[in-house]
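The values are calculated or read from the model by the stated rules, or taken from the named source; none is laboratory data. This structure is a prediction, so every number in the text was calculated from the model and none was measured. Because the Cβ atoms are built from the backbone with ideal geometry, glycine has one as well, and the counts that use them run over all protein chains shown.
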Amino acid sequence: MNAPGLKILCREPLSLPPTGHAYPFGSRFDEQDAMCFFDDVLVPWERIFLLYDREAAVRLQAGGQWMGYSSTVRFHERLQTFIGVASLIAESIGVDGFREVRDKLGEMMAHAEMIRLAIEGMEAESFRTPGGLMSYGPGFAVGVYAAQVSRRVSEILREVGASGLLMQPSERDLAEPALRPAIDRYMHGAGWPADEKGRLMRLGWELGISAFGMRQELYEYWHRGDITRNRANLYLRYDRADLTQRLEALLAEPFPAADPP
Ligand SMILES: Cc1cc2nc3c(=O)[nH]c(=O)nc-3n(C[C@H](O)[C@H](O)[C@H](O)COP(=O)(O)OP(=O)(O)OC[C@H]3O[C@@H](n4cnc5c(N)ncnc54)[C@H](O)[C@@H]3O)c2cc1C
């Protein structure tokens, strides 16, 4: 990393260390993004593992199933976190009985179930590669699906949490004797004390609104590459030979007459 000529530009951190308790996710899980500039940098031959070898690059890309699998497991954990936080928020503000709110939380759960079943499918379709290693089954379409639904999950959290996601006391406010009685009286939840509800909402704020949450949303949409390109590639690689052959055979002749009622 300190090779002459290599310069690294890091973006600013998304959680502020002095108030770390207020950034329970960001202070632990913020993944630094950086731009590397290679300005006449000498890379020694012993550090080069691939150059001008297209076939090896394609073989290496096939190992991407492992990346796809781990990314899907991570995404499933993310969805579980959203479900936990959003459903507890609904309970804490007493809106979990409304059909509309259950509908939204159910939608979130349907996405999580699709991803869980996709993980099981990738495991069930694992196979031995020509090189004798094990690989998971194809997960390319799962990546496309995940990118499509991720922001909807954040949106549901914002819809269910509403303004409470923003307007909550900080730990410093809770520790302020002049404020605390008013906070306890006017900001408690449905059976939830004001401090616990405030911390829960803070989790929701971090996931769905904060710079950390927005960075994660951007990440989910883009980190597998341009979704437009990925969907177009899915169209190209999807095996529809059997479908089209059967339809072409059907279309080659006039449709059979329907049986009389
Ligand atoms: C948080 C984060 C993490 C990431 N992690 C990874 C990673 O781990 N690995 C990795 O490989 N990449 C990663 N990426 C990069 C990602 O692959 C790129 O962001 C993505 O390929 C889009 O490139 P770009 O950001 O340069 O946008 P651009 O290519 O500038 O695109 C901007 C917009 O223009 C559209 N556009 C661009 N070209 C065309 C065209 N020819 N025709 C029509 N529309 C077009 C795009 O669809 C998009 O809407 C990450 C990105 C983010 C934000």
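Points to keep in mind about this one:
- From the options Gly106, Gly97, Gly84, Gly26, residue that is closer than 23 Å to Ala211 by Cα, surrounded by fewer than 18 Cβ atoms within 10 Å (Cβ to Cβ) and not charged (D, E, K, R): Gly84
- Condition met for Leu218 (more than 10 Å from the ligand (Cβ to nearest atom) and modelled with pLDDT of 95 or more): no
- Just one of (1) of a type in the set (A, V, I, L, M, F, W, C); (2) away from the ligand (no atom under 16 Å from the Cβ); (3) within 30 Å of Leu79 (Cα to Cα); (4) touching a helix residue (DSSP H, G or I) at 6+ places or on another chain (Cβ under 6 Å) fails for Leu179. It is (3).
- Residues of region 150-201 classified as more than 26 Å from Asp103 (Cβ to Cβ) and among the hydrophobic types (A, V, I, L, M, F, W, C), total: 8
- Any hit, region 235-249, residues being modelled with pLDDT of 95 or more, within 16 Å of the ligand (Cβ to nearest atom) and within 19 Å of the chain's Cα centre (by Cα): no
- Some residue of region 38-61 being in contact with a Gly (Cβ under 9 Å, 6 or more places away or on another chain) and assigned to a helix (DSSP H, G or I): yes
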